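**Q** Below you'll find the structure I mean.
Each reported figure results from applying straightforward, stated rules to the coordinates on display, with no laboratory input. As the structure is a computational prediction, the values presented were derived from the model and not from experiment. Cβ coordinates were reconstructed from backbone atoms using ideal geometry, including for glycine residues, and neighbour counts include every protein chain displayed.
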Amino acid sequence: MAATSEFRNGMVIRLEGELFTIVEFQHVKPGKGMGFVRTRLKNVRTGAVLDRTFRSGDNVEEVRLERREMQYLYRSDDLLYFMDTETYEQVSISADMAGDTVLFLKEGDTALVLMDGDTPVGVEVPYFVKLKVVETEPGVRGDTATGGSKPARLETGLVIQVPLFVEKGDVVRIDTRTREYIERV
């Protein structure tokens, strides 16, 4: 159990049977009355964000998630299959539970699978990934002076804005936190 005074960003707690990550928190001490803690929580499984207020001194169950490095194997229907690179054990995670990280995974990539005991509860991808451009319109000559951009579809189905000089078949580096183009590789 953890008291509200021990809250920190990134801490995982169990609330009403669900796992939540503390995105941000603020201790508030009004002039009169008891203090409280405002928090913004993100559901580990669904990604839904909610605001919750706790009284000072309340206790919540802290959960320590294990992060295991696993290799993404394939997707079948609504399940993603991963293999532990040390034990060769396979686990499956629903695509809903993985959320938007699916858009940055291609077969053979490694990712961190969040485990609550032996149950996978989420997936974390590296901050930067390299993906191939499979569809984009050709850049128009002379448009480069404005520093414009155009949409490009990547091999995982993700659509991002890229500079006009990027063509079909190029490999680009993407920031997974912001979904932005970083550079052509």
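**Q** Using the Karplus equation 6.51 cos²θ - 1.76 cosθ + 1.60 (θ = phi - 60°), what ³J(HN,Hα) coupling, rounded to whole Hz, does each residue of segment 21-26 give in order, writing x for Gly and Pro?
**A** Per residue, the Karplus-derived 3J(HN,Hα) values read 9, 7, 7, 7, 8, 8 Hz.
**Q** For the pair ARG40/THR110, report the inter-label distance in nm, with labels modelled 7 Å from Cα in the Cβ direction.
**A** Those two pseudo-labels are separated by 3.2 nm.
**Q** Need the full-extension length gain, ASP78 to SER56, defined as separation in residues times 0.36 nm minus the C-alpha distance. One decimal, nm.
**A** Contour length minus the Cα-Cα distance gives 3.8 nm.
**Q** Could you give each residue of segment 163-180 its phi-based ³J(HN,Hα) in whole Hz, using Karplus coefficients 6.51, -1.76, 1.60 with θ = phi - 60°, and x for Gly or Pro?
**A** These are the phi-based 3J(HN,Hα) values: x, 5, 7, 6, 10, 4, x, 6, 9, 10, 9, 10, 8, 6, 6, 10, 6, 10 Hz.
**Q** Which whole-Hz couplings ³J(HN,Hα) result when phi for each residue of segment 116-124 is put into the Karplus expression 6.51 cos²θ - 1.76 cosθ + 1.60, θ = phi - 60°, listed in order with x for Gly and Pro?
**A** With coefficients 6.51, -1.76 and 1.60, one gets 9, x, 9, 9, x, 10, x, 9, 10 Hz.
**Q** Counting Lys +1, Arg +1, Asp -1, Glu -1, what net charge surrounds MET115 among other residues with beta carbon under 9 Å of its beta carbon?
**A** Surrounding charge for MET115 is -1.
**Q** Multiply the residue gap between THR87 and ARG153 by 0.36 nm, knock off their C-alpha separation, and tell me the result in nm, one decimal place.
**A** 20.2 nm
**Q** Give me the three principal axis extents of the chain from the C-alpha atoms, as integers in angstrom, largest value leading.
**A** 67, 47, 25
**Q** With only alpha-carbon atoms counted, please give the Rg and Dmax of segment 66-124, in Å.
**A** My reading of the Cα-based Rg and Dmax gives 10.0, 27 Å.
**Q** Modelled label-to-label distance, ARG8 and LYS29, 7 Å Cα→beta-carbon offset: nm?
**A** Placing both labels 7 Å beyond Cα along the Cβ direction yields 2.1 nm.
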